[in-house]
């Protein structure tokens, strides 16, 4: 068993860490308070190849694999989850285009994202449809050589800043089977009938843009269909091993940021004539935080390695990584606030922001409860 990452991967981590320290951390509080998308920082990240990092080299991307992406996410999220998500999510939805798109679609949509000239999104969730993806009701009907789309999408990352969205629609309501009759269709945000309503007041990741999408007789050409008509749901499911591993990496990053800040504060803050890090109660907290962080990191790295192996899907491992790492992120952020005491309850320190940011990792890309259901089903050989 070889637990070492390559020299090239170590270099990637170091470069991203420096970028995060110099360009992300100094501006994190500003963008969080203003709930503002960090366009300028995203542009700088694009120049480093961090936007659309997994897009193949032939389409202008860096061609990073799942483990590379996990390393990048860990360093960015340790600095600030809101800005980190803004950077990494610029390519949301492009997974479907990379896997199932035509050559023309790849050239038209992947290249601008990789160059930092466009932002994509994945429009799946709806006001009444969260974990139960197969209940999507947004409808796409064929009219000549166009699709006419009507529906409402909710909690869409990049919703009000994105240029196009890979949208899950019901295209055949009469299809047999719960998971048939859905299709993925690219919808550009400048189409007539497309409206985005930015969602504000989020507890965390406030720099990242989230919106509700309203689709009212939006017309797109038939060639905007991604992959096979009627197979959109099953196509979408193919990416959860990778995307849930990605959220696990976010959790690892948040836990890392919380553990590092807690350690630093414990060494600086003095009470009763000594640093609070000299007290056994604080030492135990620090020991638990860093031990749990390393366990979450190794589980996540292994899941990413499985994704890159190209073998049979390891859905159980991906859900384990996502559930555990997100739980450790929340616990680490909580302990970070506790170690900071009253100072952790205000935004003079990063502890307060990390505490708010951590919770989302237990919700999006499948809640904690859904992950445990998946793990149990996989253990019993029941699958989907």
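Let's see how each residue does on (1) in the same structural domain as residue 349 (by TED's automatic domain parsing); (2) buried (at least 24 other Cβ atoms within 10 Å of the Cβ); (3) in contact with a strand residue (DSSP E or B) (Cβ under 8 Å, 6 or more places away or on another chain); (4) in contact (Cβ under 8 Å) with a residue 12 or more places away in the chain:
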site: 280; (1), (2), (3), (4): yes, no, no, no
site: 295; (1), (2), (3), (4): yes, no, no, yes
site: 308; (1), (2), (3), (4): yes, no, no, yes
site: 328; (1), (2), (3), (4): yes, yes, no, yes
site: 336; (1), (2), (3), (4): yes, yes, no, yes
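Just so you know, in segment 171-218 the residues that are over 26 Å from the mean Cα position of the chain (by Cα) and crowded, with 17+ Cβ neighbours inside 10 Å include one that is farthest from residue 129 (Cα to Cα), and it is 218.
So is residue 256 outside the structural domain of residue 127 (by TED's automatic domain parsing), assigned to a helix (DSSP H, G or I), in contact (Cβ under 8 Å) with a residue 40 or more places away in the chain and over 19 Å from the mean Cα position of the chain (by Cα) or not? Steps first, answer last, please.
Numbers: outside the structural domain of residue 127 (by TED's automatic domain parsing): yes; assigned to a helix (DSSP H, G or I): yes; in contact (Cβ under 8 Å) with a residue 40 or more places away in the chain: yes; over 19 Å from the mean Cα position of the chain (by Cα): no.
The answer is no for residue 256.
The numbered conditions (1) touching a helix residue (DSSP H, G or I) at 6+ places or on another chain (Cβ under 9 Å); (2) under 30 Å from residue 347 (Cβ atoms); (3) in a helix (DSSP H, G or I) are all true for residue 67 except (2).
For segment 20-51, what are the residues that are part of a helix (DSSP H, G or I) and within 22 Å of residue 301 (Cα to Cα)?
In the first step, residues of segment 20-51 are kept if they are part of a helix (DSSP H, G or I); the result is 20-34, 39-47.
The one that is part of a helix (DSSP H, G or I) and within 22 Å of residue 301 (Cα to Cα): 20.
Determine whether segment 323-343 contains at least one residue that is more than 28 Å from residue 269 (Cβ to Cβ), in contact with a helix residue (DSSP H, G or I) (Cβ under 6 Å, 6 or more places away or on another chain) and in a loop (DSSP other than H, G, I, E, B). No.
Filter segment 137-156 for residues that are in a loop (DSSP other than H, G, I, E, B) and out of contact with any helix residue (DSSP H, G or I) (no Cβ under 8 Å at 6 or more places or on another chain); which is surrounded by the fewest Cβ atoms within 10 Å (Cβ to Cβ)? Looking at residues that are in a loop (DSSP other than H, G, I, E, B) and out of contact with any helix residue (DSSP H, G or I) (no Cβ under 8 Å at 6 or more places or on another chain), I get 144.
Listed conditions (1) buried (at least 21 other Cβ atoms within 10 Å of the Cβ); (2) touching a residue at least 60 places away in the same chain (Cβ under 8 Å); (3) in contact with a helix residue (DSSP H, G or I) (Cβ under 8 Å, 6 or more places away or on another chain) are all met by residue 134, apart from (1).
The values are calculated or read from the model by the stated rules, or taken from the named source; none is laboratory data. Source: prediction; values computed, not measured. Backbone-built Cβ (ideal geometry, glycine too); neighbour counts: all protein chains shown.
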